[in-house]
Amino acid sequence: MELLVTGAAGFIGSEFVRHILESRPAWRLVLLDALTYAGRFENLSCLAAGLETLAVEGHVPEGAIEKAGGLVGRCRLGDLPAKLGDRRSGPGGPLPPLLVLGDITDASLVESLVSQVDAVVHLAAETHVDRSLADPGPFVRANVQGTCAMLEAARRNPRLRRFLHVSTDEVYGDSEGRAAFGEDSPLAPTNPYSVTKAAAEQMVSAYVRAWKVPAMVVRPTNNFGPRQFPEKFIPTVVTRALAGEKIPLYGDGRQVRDWLHVSDTAQALRLVLEKGAVGRAYNVAGRNPRENRDVAGDILRGLGLGEDRIERVPDRPGHDRAYAIDDSRIRTELGFENSRSFELQLAETIRWYRENRSRGNPS
């Protein structure tokens, strides 16, 4: 299997790369990342000795080479297929991943990469609701236009066996007062982030129907774990507590989220990639619903601190009260199971941020 992973230096992307390196060492990985604010080179460089990084002339996102430490190979776009072919025809056995610095909206670069692989796991996206409320433009560009560029390249690759698009449970909208959403429930997103993810999903469905692109969709619940960028809720609480700062909590803090460890998400992605049905969507739940105020309290107690550190702040516009999904499909059809308890995984996450305090700067 030769696999392209977009957004590979991000939180979920790098965990998925780690999972594949451990569970499928014979697969050959080509990684694409623009190394924007939430994609960090160290997320990948710590995984594989000999990680090769490549910049394609005229197609490098601003600042990406510097973020990769400057030790980057270079080639022209026309030479990229040959570069990938040399890896494919080289000696057998595991190869370190190849990271290409690039943007998913760069159609010619994406075409050169997708045309050379057997499968795609498409993770690259803008993901933070607060940022989408402040400026929806980057979300439309990355999540909709970027997914369209990926699908256009996919439909022109006759050897492509799988295209896995990673979405979110937020496409269903607010579940407060309703039964858990199944994969056939209507999509009703409520903020610019989830709207663009739902639009991307609809684009995937169109390409499956019109051009038989062998695509599938995964909708995970809220992820957490080591190396998550600290704008998200759990790392925000941990890193601010460690820094002696107040913990901001929106509104009454009773918003319910279902927490899924990133290692379980990586396992689910591989299962769907290998065994999922083309054209099908798969929910992935942590089955750990918690109110935000309770999660904040658990973290503070884990750090030996009191809940007096919590500071209530005005709720964000249109804040969904709850998310709840039914993920029996992936469990019964593909055998997905969560690996460990939420309490153990949260304790491990707190410990990681305590031991890696330099990762607490969200700038």
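Rule-based calculations on the coordinates, nothing more; no lab input. As the structure is a prediction and not an experimental result, all values here were calculated from the model. Please note: Cβ atoms are built from the backbone with ideal geometry, for glycine as well, and neighbour counts cover all protein chains shown.
Angle check, please: helix 11-23 long axis (alpha carbons) against the longest principal axis of the chain (alpha carbons), in degrees 0 to 90, nearest 10.
The angle comes out at about 60 degrees.
What are the ³J(HN,Hα) couplings of the range 2-10, residue after residue, when phi is run through the Karplus curve with 6.51, -1.76, 1.60 and θ = phi - 60°? Round to Hz, x for glycine and proline.
10, 10, 9, 10, 8, x, 5, 8, x
All other residues with a Cβ under 14 Å from the Cβ of Gln145 taken together, and with Lys, Arg as +1 and Asp, Glu as -1, what is their net charge? Can you show the working numbers first?
Details: positive: Arg141, Lys197; negative: Asp103, Asp106, Glu126, Glu152.
Neighbour charge sum, excluding Gln145 itself: -2.
From the helices alone, meaning DSSP H stretches of at least four residues, give me the mean residue ellipticity at 222 nm for the chain, per-run term -39500 (n - 2.57), in deg cm²/dmol to the nearest 500. Working shown, then result.
Working: 13 runs with 131 residues, N = 363.
Calculated at 222 nm, the ellipticity per residue is -10500 deg cm²/dmol.
Quick one: Cα centre-to-centre distance for the range 172-192 and the range 308-356, in angstrom?
Spelled out, the Cα-based centre of one part sits 18 Å from the other.
Stretched out fully, how many nm does the piece from Cys46 to Asp326 gain, at 0.36 nm a residue minus the Cα gap? Each step should come with its number before you reach the end.
Numbers: separation 280, 0.36 × 280 = 100.80 nm, distance 3.50 nm.
Result: 97.3 nm gained on full extension.
Going by how many other beta carbons lie within 10 Å of each one, how would you line up Phe16, Phe229, fewest first?
Numbers: Phe16 29, Phe229 18.
Least to most surrounded, the residues fall as Phe229, Phe16.
With all pairs of different alpha carbon atoms counted, what Kirkwood hydrodynamic radius in Å does the range 60-137 show?
Values: mean 1/r = 0.0664 Å⁻¹.
About 15.1 Å, per the Kirkwood formula over Cα pairs.
State, to one decimal in nm, how far the label point of Asp86 lies from the label point of Ser341, with both points 7 Å from Cα in the Cβ direction.
5.3
Amide H of Leu31: which non-local residues (sequence gap of 5 or more, or other chain) have their own amide H closer than 5 Å, using H built in the peptide plane?
Amide H neighbours of Leu31: Val5, Leu98, Leu99, Val100.
Return a whole-number percent for the relative contact order of the chain, with Cα pairs under 8 Å and 6 or more residues apart as the contact set.
On the way: 704 pairs, mean separation 60.9, N = 363.
This gives 17 percent for the chain.
Using a cut-off of 28 Å between alpha-carbon atoms, which lysines can reach Lys246, once sequence neighbours fewer than 8 places away in the same chain are excluded?
Output for Lys246: Lys232.
Hey, what do the phi angles of the range 188-201 turn into as Karplus ³J(HN,Hα) couplings, whole Hz, using 6.51/-1.76/1.60 and θ = phi - 60°, x for Gly and Pro?
9, x, 10, 9, x, 4, 5, 4, 5, 5, 5, 4, 4, 4
If you take the Cα Rg of the range 205-325 and divide it by 2.2 N^0.38 Å, with N the number of residues, what do you get? Write down the numbers at each step before the final one.
Values: Rg = 17.7 Å, N = 121, 2.2 N^0.38 = 13.6 Å.
In units of the 2.2 N^0.38 Å rule of thumb, it is 1.30.
So, in nm, how far is label Leu242 from label Val72 when the simple model puts each one 7 Å beyond its Cα toward the Cβ?
Calculated label separation equals 2.8 nm.
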